Amino acid sequence: MPVTPVAPVSALHHGPGEDVLALFTGTLFVSMTMVLYAQAGLLTGSTAGIAFLLHYLSGWPFGLVFFVINLPFYWFSWQRMGREFTLKTFAAVGMLSLLTDFAPQVMHIDYLHPLYAALLGGFLLGTGCLFLARHRASLGGATIVSLYLQQAHGIRAGKVHMIIDCAIVAMAFFVVPPERVAYSILGAIAMSLFLWINHRPGRYMGGVR
């Protein structure tokens, strides 16, 4: 009896409305992480980590610093990842900057243990980044580089992100207490492990397996 070949499963194609909802939801999740980390005195990796360091040192608004730091990465994104990815990333970075600076006006946390903040923030950050990645967007910085390496060379984005993030967080030993740095590294590991497990090439596909 002849075997009928099974058609390959094609990737999902999202509509504009789905993209807008995903970009807003993803950046909202990440902005919650930024609020938790700021409250607990923690930081994260990539350009957000650098923005946190400058925020702690200078008192400049995190959202503004984060937006400016990401500007040089858009050229690389445009060249390597394409126009659609770059424009969505620019929109996501802009929304995150606004949401993070606006959050203290609508939410205040009286007590937050840094261990809880690190774990919850790490998983929220990983979830938000995954939302964005599955709709061809990112939050700039190391995320652009890690997604490019996964797309072009098959190196998992989570693995690259973990290496970059831990290196940046390690620099914080000169700025914040060592205990807070240790919690920050734990948060970076939680986020990167989440991406490592859940963001694999070909995993997010349409149809039934």
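Descriptive notes on the structure:
- Shape of the range 81-203, Cα gyration tensor, a/c cut at 1.5: oblate
- The mean accessible area for residues of the chain, using a 1.4 Å probe and ignoring ligands and nucleic acids, is 53 Å² per residue.
- Tilt relative to the chain, helix 157-170 - C-alpha long axis, 0 to 90 degrees, to 10: 10
- Sorted largest first, the spans of the alpha carbon positions of the range 1-143 along the three principal axes are 70, 34, 25 Å.
- For the range 137-191, the square roots a ≥ b ≥ c of the C-alpha gyration tensor eigenvalues yield an a/c of 1.5 or more together with a/b exceeding b/c, which makes the shape prolate.
- Chain lengthening between His14 and His108 when straightened (0.36 nm per residue, less Cα-Cα): 30.3 nm
- Using alpha-carbon coordinates, inclination of helix 142-153 to the longest axis of the chain, degrees: 20
- Modelled spin labels at Leu98 and Asn198, positioned 7 Å past Cα toward Cβ, are 2.5 nm from each other.
- Rounded percent of accessible protein surface that carbon and sulfur make up, the chain, 1.4 Å probe: 70
- Label-point gap, in nm, between Phe76 and Ala91 - each point 7 angstrom along Cα→Cβ: 2.4
The values are calculated or read from the model by the stated rules, or taken from the named source; none is laboratory data. Here the structure is a predicted model, which means the values were calculated and not measured. Note: ideal-geometry Cβ built from the backbone for every residue, glycine included; neighbour counts use all protein chains shown. Each accessible area value is taken on the protein alone, full model and side chains, heavy atoms only, with ligands, DNA and RNA left out. Shrake-Rupley method; radii C 1.70, N 1.55, O 1.52, S 1.80 Å.
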